[in-house]
1. Determine which single condition ARG100 fails, assuming it passes every other condition in (1) more than 29 Å from ARG35 (Cα to Cα); (2) at pLDDT 95 or above.
2. Based on what the data block shows, is ILE124 surrounded by 17 or more Cβ atoms within 10 Å (Cβ to Cβ), touching a residue at least 24 places away in the same chain (Cβ under 8 Å) and out of contact with any Phe, Trp or Tyr (no Cβ under 9 Å at 6 or more places or on another chain)?
3. Which one of these is out of contact with any helix residue (DSSP H, G or I) (no Cβ under 9 Å at 6 or more places or on another chain), in a strand (DSSP E or B) and at pLDDT 95 or above: VAL130, VAL141?
4. Given (1) in a loop (DSSP other than H, G, I, E, B); (2) under 26 Å from THR254 (Cβ atoms), where does GLY164 come up short, assuming only one miss?
5. For residues that are surrounded by fewer than 19 Cβ atoms within 10 Å (Cβ to Cβ) and within 25 Å of VAL216 (Cβ to Cβ), tally how many sit in region 169-190.
6. I'm told ILE203 meets every condition in (1) touching a Ser or Thr at 6+ places or on another chain (Cβ under 8 Å); (2) not in a loop (DSSP other than H, G, I, E, B) except one. Can you identify the failing condition by its number?
7. If you scan region 17-57, which residues turn out to be under 25 Å from PHE74 (Cβ atoms) and without any contact (Cβ under 8 Å) to a residue 60 or more places away in the chain?
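The values are calculated or read from the model by the stated rules, or taken from the named source; none is laboratory data. In this text the structure is predicted, and so the values were computed from the model without any measurement. All Cβ positions, glycine included, derive from the backbone under ideal geometry; neighbour counts span all protein chains shown.
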Amino acid sequence: MKKTGIIILLLGLLPLGLVAQEVSGGFKVGLNFSRFEGPSEEGPQGDALESNDFATNFHVGALVNFSVTDLFGFRAEVLYSQKGSQYIYDGPSYLRLYTRQGNPVVSFGNRREVITFSNSYLDIPLMAYVRLGRIEASAGVNAGLLLASRGQGEITFSGVSAAGQNIDPVILTVDGNYTADESSITGIGRVDNRTIDNQEVLIPEIVNAYYDGNTVDEILFNRLDFGLNAGLSIYLNNGLNVGFRFNYGLADITNQQQDVNLQMLDGNNLILNDDQDRNISLQTSIGFSF
């Protein structure tokens, strides 16, 4: 369904040249203020355990204008666009640490997880615009292909083991490539040892994207994205303009196979969330049309 939608969007470019009275090119560069939007896991009292704050990234690319009249036309863009979010989980949770033999040792307590995601897309917005003097309003659709995904942050956990042993705070630094990393229980770099419930467990200093994740050949973020755009531009002269755009994602950007529930386990096994998360972006840009 998603692939069909993108093909339809691309085919939509074909008739534009047929109705255009004038075709011109240009480029644009600017900032993205973006975050993920979706339902949060809820604590025992119904309180939200997850939140997403805006992260700042950028976009750059080329555009083609198809002017039908002096007032109305269409625009197609090809952008390298970074979108992301500062994801925060703060509340009741669990931690699975592993022995040298790969056996999990489970503790329960409180987790604070803060990860800043940066996802790189090849975006193709298709817009219709109306220009009145120096002011231009535009609206349309956007298709995106995920090129890369990085995440950096920290997980802090403290609690009690299954046998009732108090667990001093465990701090894990996250440095993840969400399009390339594989599932891992060993971490990266220096590893500390700690005895929990009479078992020696390994505590890595740095973990990758899928430390203690679901052991399937799937990535966290779906490769295809699509959504709606609406924007406003102010032309400083015939070519130079300053633009503002809102992008509202319609697709679920997270893959259920890696969307792990952080609040509870099924025995010692992971629970997967079945919800929808989307991209929300505010863009500011400087552009020039020839």
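1. Condition (2) is where ARG100 drops out.
2. On the way: surrounded by 17 or more Cβ atoms within 10 Å (Cβ to Cβ): yes; touching a residue at least 24 places away in the same chain (Cβ under 8 Å): yes; out of contact with any Phe, Trp or Tyr (no Cβ under 9 Å at 6 or more places or on another chain): yes.
So ILE124 passes the test.
3. Details: VAL141 fails: out of contact with any helix residue (DSSP H, G or I) (no Cβ under 9 Å at 6 or more places or on another chain).
Just one listed residue meets the conditions, VAL130.
4. (2)
5. Taking region 169-190 as the starting set, the residues that turn out to be surrounded by fewer than 19 Cβ atoms within 10 Å (Cβ to Cβ) are 169, 171, 173-175, 177, 179-180, 182-184, 186, 188-190.
Within this subset, residues satisfying the condition of being within 25 Å of VAL216 (Cβ to Cβ) are 173-175, 177, 179-180, 182-184, 186, 188.
Residues meeting the conditions: 11.
6. Condition not satisfied by ILE203: (1).
7. Hits for region 17-57 are GLY17, LEU18, VAL19, ALA20, GLN21, GLU22, VAL23.
Quick grid of which residues meet (1) crowded, with 20+ Cβ neighbours inside 10 Å; (2) closer than 19 Å to ASP225 by Cβ:
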| site | (1), (2) |
| --- | --- |
| GLY43 | no, no |
| LEU49 | no, no |
| HIS59 | yes, yes |
| VAL64 | no, no |
| THR69 | no, no |
| SER81 | yes, yes |
| SER85 | yes, yes |
| LEU97 | yes, no |
| PHE108 | no, no |
